[in-house]
Every structure is written in C-alpha cells, then in structure tokens.
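In what follows, a structure is listed as structure tokens, so that the remarks can point back to it.
The values are calculated or read from the model by the stated rules, or taken from the named source; none is laboratory data. Everything quoted here is computed from the prediction, not taken from an experiment. Positions of Cβ are generated from backbone atoms using ideal geometry, with glycine treated the same way; all protein chains shown enter the neighbour counts. SASA here: full protein model, heavy atoms, side chains in, ligands and nucleic acids out. Shrake-Rupley method; radii C 1.70, N 1.55, O 1.52, S 1.80 Å.
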Amino acid sequence: MALAITSSTYAGEHAGVYIAAALKQAVSLEYMTIVENINYKRVMNKVAGANLVKNQSCDFTENSATLTLTESVLEVKPLQINIDVCKTTMLADWSGQQEGDFVAYATSYLAASIADATEASIWAGNGGTSGQFAGVSATGMSTSSASAAYTAANIIANLGTLVADIPTTVYMKDDLYIYMNKKTYRFYIQAISALSAFPFNNMGEYNANFNGVKIAVCSGIPNNKMYAGQKSNLFFGTSLSSDLTSIQVADMSNLDLSNNVRMVAKYTAGVVVGVPSDFTIQS
C-alpha cells in the first residue's frame with residue numbers, strides 16, 4: 001500500500017522545537033551565547049565601570065568615576081529551505097527506524113542543511129548572499145599577526161602570539177576560548193603529539209587548551225584564521241516562537257500525482273560580537 005502523508009504545518013513554538021534541534025547541530029553555537037525571540041534587531045549592552053569605589057565621605061562626588069555602556073546591534077535575517085524529497089528515498093530508512101511520526105522524521109532531513117549553513121555563516125557569511133547571514137565582523141577587534149599560513153611546524157608559535165595579544169581585561173576569564181577550525185586543530189594535535197614530553201596518545205580524553213585557554217573547534221572558521229574571546233561576548237540570535245518560524249510538509253501526490261513530499265522551513269539567524277575590542281582575530 002502506498003504511503004499516505006497527512007500534510008502538516010508547524011508554526012511559532014511548535015516549529016521552534018524542530019528548528020532549535022537543527023541549529024544545535026552547528027558546533028559553534030556551543031561556544032556562543034544564544035539569544036532567542038529576536039524578530040529583527042536587538043541592542044546588546046555591556047557595561048563597564050571604572051573608579052567606582054572611593055573612600056567614605058559626607059559628600060557625593062562622582063568626578064573620577066565612569067560607567068561606560070557599549071552597544072552592539074544583533075540583527076537576524078529571515079532564511080528558508082524549500083525542497084522536494086522523493087518518498088521512496090525516505091521510506092526505507094523510516095521503516096527501519098519504525099518512527100511513529102513520519103512527518104517528524106521527514107523534517108529531520110532539513111536539520112543537517114540548516115546546521116551546515118548556520119556554521120558556515122557564523123564565521124564567513126555575507127548578508128548580501130542568498131542563504132547566508134552576515135558573519136562575525138572583524139571591525140574593531142584586537143588584531144594578531146600570524147607568521148605564515150598555519151602548519152604543524154608553526155602553529156604553537158602562532159598560538160603563543162595570539163594568546164599574548166589577548167587584551168588583559170579578557171585573559172583568564174572563565175569563558176575565554178580560542179576559536180579555530182578542524183584543519184588548524186589537526187596541526188595543533190600533530191605538533192603537541194610530536195613533543196616527547198607530551199603523552200597525548202596515552203592520556204585518554206584530552207580537554208583541548210593552549211596555555212590554559214580552552215580551544216573551541218568550529219568547522220566554519222576559514223583556514224589560516226583564529227579568534228580569541230569570551231563566549232559571553234559572542235551572540236547568536238534567532239526567533240523560535242514567532243510567525244517568522246514555520247515548517248510545512250505537503251504530500252504532493254494528490255496535487256500533481258508525483259511521489260514527492262514538499263517541505264519548507266523558515267527561520268531567522270544572526271550573529272554579533274558585543275564588544276569587538278575584547279575579541280582578538282589572527283590571520
């Protein structure tokens with residue numbers, strides 16, 4: 001008997017469950033601060049004070065005290081996926097999994113595409129390109145110069161330069177990370193594995209770090225580029241509960257006699273660094 005699918009529409013919070021699961025497959029989001037329910041723009045504020053504590057006195061004097069408010073605008077871009085998927089392609093896998101809800105299983109086909117596109121856009125996205133949102137901007141960041149294209153022979157020295165260039169106000173913060181891609185991380189593992197005093201192959205699970213700074217491996221970062229900054233200073237925005245988020249699944253057999261399932265996913269995404277000067281880029 002032919003598989004019959006009841007066309008379904010999920011919107012707002014119901015669609016958000018599926019979109020959230022898809023987005024979480026983008027590894028970079030593990031090392032960012034996620035801000036939900038942004039339909040267009042939100043101002044991200046960071047407050048820093050100086051000379052606030054004084055000796056006690058009877059007077060009110062604030063002349064040397066300062067309170068600085070830094071603002072960055074997190075803007076999300078509406079994105080979508082429109083695809084036709086042949087039921088025959090999905091049916092064998094679905095039967096093997098014995099999923100109770102075929103529609104839920106069908107929407108999982110969208111997850112990998114959403115995650116991959118999100119990972120790529122976070123670090124190298126161009127908001128003017130269809131299917132991408134504007135990625136992390138280096139404007140205003142602290143800079144660090146690499147000696148040359150990364151190799152196993154020079155990655156330790158380049159990491160040392162990067163860490164030395166991290167602003168002192170940020171260094172040793174609990175949520176400070178060095179962000180690199182898989183190729184750069186492979187150079188790093190190759191380099192430290194070659195050190196006779198480093199028992200990498202015999203120490204079990206390794207918590208990746210360099211000179212005490214944790215390493216975040218994010219595949220979307222371009223080659224020969226690294227970042228250093230706080231998770232709390234890197235924001236990813238999306239809307240999971242508004243009308244901008246929806247998933248629709250339609251069985252086309254009753255409309256055009258095809259064996260296709262048409263699926264549409266709509267969501268929003270954007271990224272911004274709160275205080276660029278507290279973030280460091282090396283290239």
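Simple spin-label estimate for N254 and S219 gives 3.8 nm between the two label positions (7 Å along the Cα-to-Cβ direction from each Cα).
The stretch between N207 and A194 holds 2.9 nm of extra length on full extension. This uses 0.36 nm per residue minus the Cα-Cα distance.
On the accessible surface of segment 220-283, probed at 1.4 Å, how many percent belong to carbon and sulfur atoms?
C and S fraction of accessible area: 47 percent.
A Förster distance of 35 Å, applied to the separation of the beta-carbon atoms of K41 and I83, puts the FRET efficiency at 0.75. To the nearest 0.05, what FRET efficiency results for T169 and E30 with a Förster distance of 25 Å applied to their C-beta separation? With R0 = 25 Å, the Cβ-Cβ based efficiency is 0.55. Potential lengthening of the chain between A157 and T139 amounts to 4.0 nm, from the contour at 0.36 nm per residue minus the alpha-carbon distance.
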